[in-house]
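Below you'll find the structure, written out as structure tokens, and then a few comments.
Just so it is clear, none of the values below were taken in a lab; they were calculated from the coordinates. Treat the numbers as computed from the prediction; the structure is a model and nothing was measured. Every residue, glycine as well, gets a Cβ built from its backbone with ideal geometry; the counts of neighbours run over all protein chains shown.
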């Protein structure tokens, strides 16, 4: 299969990909439909920012954020049926049940572990020994600037964690399970091995939770952008949105069956971080997954990083000579 040159890369040699925004299909239909799916994403982002900026303290709390997140994801689930990006990604009841199983795992087991040995525990330890007077310069900044910096710092750390998962085999093993998904739907971001969900959740964004309003505002920004990575909805995203933020198109390339395409678009929120480090590819893919789109059962997803790591270790040991230095063998 002929590839497509993107900078120094040749992509699309293993699986079809679409490169360039002009080649991506547009939303078709009446004026209202086209306007709705063009401005839905910016409207949600600006609406979330306005809400958390002006909301009274009585409702500006974590429980409100959780409720908004649930309603928002239900809305996105409806939009997947109204205007799907690809018919081949259409979710079934069986697949929805599987996805919700992983959502439950991430909000229970993974969250519990995170509280004791994950980023929550690390951040709590840091906060106890940190002089917060040193943050005076940060707290004096405008609220929106504080929120932007929190999102950027978290996303910058996430970028390098995610990129490390694709370039260091021990980290790739738990992350690889997530790349066996063959379609993008609203809950697919939670599908993966619990160890991978734990690792990808590590970050220092929570270090700023002592700034409740800025922290909630940052979370709203992250949700209003990051939720679109794993979603089966066709949008006519404005050009400035596609240049600034990660989109479904970007992330579909990251999940493509084409290996070279998967080594791109690592960020969670700001795609301009990938642009800064030369790992951004603008385009999309429909055929997703690994090994030609092989599906993994829940059982295999749970044990794969460990059994595959053990198999790779044994294979490596079998290739090593019994005596690495033959000169050390006693002479007869």
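Using only C-alpha atoms and all pairs of different ones, pull out the Kirkwood radius for the chain in Å with one decimal. Walk me through the intermediate numbers first.
Working: mean 1/r = 0.0461 Å⁻¹.
Every distinct Cα pair counted, the radius reaches 21.7 Å.
Ranked highest first by the average count of other Cβ atoms within 10 Å around their residues, in what order do 170-181, 187-198, 271-282 fall?
Numbers: 170-181: 20.1, 187-198: 22.1, 271-282: 18.2.
Descending packing order for the listed peptides: 187-198, 170-181, 271-282.
Mind grabbing the base-10 log of I(q)/I(0) for segment 46-94 at q = 0.15 Å⁻¹? Debye formula, identical points on the C-alpha positions, no solvent, two decimal places.
-0.57
Listed highest first by mean packing, meaning other Cβ atoms within 10 Å per residue, what order do 229-242, 5-18 come in?
With the highest mean Cβ count within 10 Å placed first, the list reads 229-242, 5-18.
What order, most packed first, do the peptides 40-48, 24-32 have when packing is the mean number of other Cβ atoms within 10 Å of each residue?
The most tightly packed comes first, giving 40-48, 24-32.
Rounded to two decimals, what is the ratio between the C-alpha radius of gyration of segment 210-304 and 2.2 N^0.38 Å?
Dividing the Cα radius of gyration by 2.2 N^0.38 Å gives 1.24.
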